[in-house]
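The values are calculated or read from the model by the stated rules, or taken from the named source; none is laboratory data. These numbers were taken from a predicted model, which means no experiment stands behind them. Reconstructed Cβ throughout: ideal geometry from the backbone, glycine too, with neighbour counts over all protein chains shown. Only protein heavy atoms, including side chains, enter the accessible area calculation; ligands, DNA and RNA are left aside. Shrake-Rupley method; radii C 1.70, N 1.55, O 1.52, S 1.80 Å.
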Amino acid sequence: MNTSASPQSSSWIHRRIEKIGRQVIDAVDGLGLIVNFTGRVFYWAFKPPFRLKIVFEQFYFIGNKSLLIVGLSGAFTGMVMAYQVYFGFQLISVDSLVGPVVALSLAKELAPVLTGLIVSGRAGSAMAAQIGSMKVTEQVDALEVMGINGVQYLAVPRIIATTVCMPMLSSLFLFIGNIGSYLVGTKALMIDEAMYLSKLGEFMHMSDFYQGFIKSIFFGFIVSVIGTYFGFSVTKGAEGVGRGTNQAVVWGMISVLVLDYFLTSFLVKIL
Amino acid sequence: MIDPNDRAVAVNKVTKIFDGHTVLNNLDFIIPKNKIVTILGFSGAGKSTLLKHILGLMLPTHGHIEVLGQDLTQLNKVQLREFRRNFGMLFQYAALFDSMTALENVMFPLKEFTKMTPEQMYDHASKLLISVDIQEVAFNKLPSELSGGMRKRVGLARALALHPHIMLYDEPTTGLDPITTKMVNELIVETQKNNLSRGMTSIIISHDVRATLQISDYVAFLDRGNIVEYLPAAEFAKSNNELVQEFINL
């Protein structure tokens, strides 16, 4: 019997199992830290002083500075969707439904999810980079030494601003997306304007809009919590800032997509 | 000899253990009021951990830290945060807020913790900046537009804004050229002298033996979480401790 191969392969298996186990423990540990961080955010959000000026500065950065990219994305998403849906629907002669199908897709899914992904890439990464570089240059420590809580001063205003801005940006995406779809549908694809609008009115309801609106509030919250969390988690200088920023974007986007599934499965039952 | 009744900081049998690793080992010493005390030591000796304990940013695993008569281990987080306003700290790289100008950096603690009008804040901050030799032309410059020495001076002005009773300096001369090092050391002595009437104790964490011996009243040597020597600066260089001699002669 060959006895020499067995201990080697069993030690290889051990190492693999150990590695997987360590990764699972790290993931659970990381999740626990984010939950703990979220708890601290809630705690500090309701404690004075309330720094409204910083919240408004963040509104400007997260909201106002995202208008162009969100508007452009909305317009082109609506236009592309109109084309794609039209050529599919034309085959079964229901091209008059292009308007409502695009509008429903935008309202329920595309506007909140794509806005969430855009804001995660733009503002979530900026939050992680800003806070991360403050952390490695001891600016966060300087706040703490002065008796100012870093989470309250840096994270809470960003999270409030993103949570409030995200549904507004998502609504803008939806509005401009519908204009794009309307223009392509009626001007390029020659769908009758009255038909387009009447079908839109017939199939679109406020509850469809609410679904996307509610989702985007949650997306705003999760993207900003993750962005600020990874900012505070930064260690080891510039390399750490880069890694934190990267993780903020990756996990922010994944969170939006995963949360979207759970929110959809819940909201379709109640709305 | 240090009078125990005249203490700014008392470190009472403090031990700090991180993940089974002892960083501070039954540390027991007193920092007298209104003096400049420097804590020297090799990297990893526990200097920064000790500093964080004095600031109440970390609490000991065992033992007590008493600052200005207050046992920090007895305070809750909110009380600790308020208590920290007794401290001013000059960080190694000044830690100025990079989105704010020099003047805004100094005005920041005033905005947060005082009810001063904008004019009063401006006056107070300007005086502080001028006192550390920052000219008016640099008031509206961002930290990235200032030299290392200027950043340190602005950092010192910010640390002094709320009239702290304890001033902490974390490696104040690390990475500076000899002329700027001399300037920072003079500034530390001058700051101590100017604030002595209100009561100010300065604690310096440093590697710089030469500067330490020139500006300090007392020098402590920390090694592997223990104070192995603690003497008046004039006597420190003559210490018989082998580690101290090795450190001095490096």
Check your understanding: Within segment B:121-140, which residues are open to solvent by 30 Å² or more (accessible area, probe 1.4 Å), over 20 Å from B:Asn195 (Cβ atoms) and not β-branched (Val, Ile, Thr)?
Key -> B:Tyr122, B:Gln135, B:Glu136, B:Asn140
Study note, to complete from the structure: The condition from (1) away from chain A (no Cβ under 14 Å); (2) under 11 Å from B:Ile36 (Cβ atoms); (3) not hydrophobic (A, V, I, L, M, F, W, C) that B:Thr173 misses is numbered (2)
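Anything in segment B:191-208 that is open to solvent by 20 Å² or more (accessible area, probe 1.4 Å) and of a type outside the set (D, E, K, R)? List them, or say none.
Listed by number, the residues that qualify are B:Asn194, B:Asn195, B:Leu196, B:Ser197, B:His207.
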Review point. What residue, of A:Lys108, A:Lys135, is basic (Lys, Arg), part of a helix (DSSP H, G or I) and within 14 Å of chain B (Cβ to nearest Cβ)?
Key: A:Lys135
Practice item. Restrict the check to segment B:202-216 and report whether at least one residue is within 19 Å of B:Pro32 (Cβ to Cβ) and in contact with a Pro (Cβ under 8 Å, 6 or more places away or on another chain). Key: yes
Check your understanding: Which of the residues spanning segment B:2-22 are modelled with pLDDT under 90, closer than 19 Å to B:Asp223 by Cα and touching a strand residue (DSSP E or B) at 6+ places or on another chain (Cβ under 9 Å)?
Key -> B:Thr22
Practice item. Please determine, by comparing only the residues of segment B:28-54 that are of a type in the set (A, V, I, L, M, F, W, C) and open to solvent by 40 Å² or more (accessible area, probe 1.4 Å), which one is nearest to B:Val244 (Cα to Cα). Key: B:Phe42
Exercise for review: Check whether at least one residue in segment A:171-182 is away from every other protein chain (no Cβ under 14 Å) and under 29 Å from B:Pro109 (Cα atoms), and report yes or no.
Suggested key: no
Practice item. Check off (1) within 27 Å of A:Thr235 (Cβ to Cβ); (2) buried (at least 23 other Cβ atoms within 10 Å of the Cβ); (3) more than 14 Å from chain B (Cβ to nearest Cβ) for A:Arg122 and give me the number that stays unchecked. Key: (2)
Check your understanding: If you scan segment B:77-93, which residues turn out to be modelled with pLDDT of 90 or more and aliphatic (A, V, I, L, M)?
Key -> B:Met89, B:Leu90
**Study point:** Residue within segment B:11-18 that is within 14 Å of chain A (Cβ to nearest Cβ) and within 26 Å of A:Ile148 (Cβ to Cβ) present
**Key:** no
Point to revise | Subset of segment B:210-245 [closer than 23 Å to B:Gly175 by Cβ, modelled with pLDDT of 85 or more and open to solvent by 20 Å² or more (accessible area, probe 1.4 Å)] | key: B:Leu213, B:Gln214, B:Ile215
Practice item. Answer yes or no: is there a residue in segment A:233-254 that is within 27 Å of A:Asn178 (Cβ to Cβ), surrounded by 17 or more Cβ atoms within 10 Å (Cβ to Cβ) and modelled with pLDDT of 90 or more. Key: yes
**Study point:** Qualifying positions in segment B:188-199 - out of contact with any strand residue (DSSP E or B) (no Cβ under 9 Å at 6 or more places or on another chain) and in a helix (DSSP H, G or I)
**Key:** B:Glu190, B:Lys193, B:Asn194
Point to revise | Among residues of segment B:78-117, those that are at the interface with another protein chain (Cβ under 9 Å from one of its Cβ atoms), open to solvent by 20 Å² or more (accessible area, probe 1.4 Å) and not hydrophobic (A, V, I, L, M, F, W, C), counted | key: 8
Review point. Quick one: in segment B:55-77, which of the residues that are surrounded by fewer than 17 Cβ atoms within 10 Å (Cβ to Cβ) and of a type in the set (D, E, K, R) is farthest from the other protein chains (Cβ to nearest Cβ)?
Key: B:Asp71
Revision key, fill the gap. Checked segment B:141-160 for anything of a type in the set (A, V, I, L, M, F, W, C) and surrounded by 24 or more Cβ atoms within 10 Å (Cβ to Cβ); matches are B:Val154, B:Leu156, B:Ala157, B:Ala159
Study note, to complete from the structure: Every listed condition ((1) more than 22 Å from the chain's Cα centre (by Cα); (2) of a type outside the set (Asp, Glu); (3) within 14 Å of chain B (Cβ to nearest Cβ); (4) open to solvent by 30 Å² or more (accessible area, probe 1.4 Å)) holds for A:Ile148 save (4)
Revision key, fill the gap. So, first residue within 29 Å of B:Gly46 (Cα to Cα) in segment B:192-206, second residue among the charged types (D, E, K, R) and assigned to a helix (DSSP H, G or I), Cβ within less than 8 Å, six or more apart or across chains; the pairs are B:Ile205/B:Lys47
Practice item. Might you let me know whether segment A:155-168 holds any residue that is part of a helix (DSSP H, G or I), within 14 Å of chain B (Cβ to nearest Cβ), within 22 Å of A:Gly39 (Cβ to Cβ) and in contact (Cβ under 8 Å) with a residue 12 or more places away in the chain? Key: yes
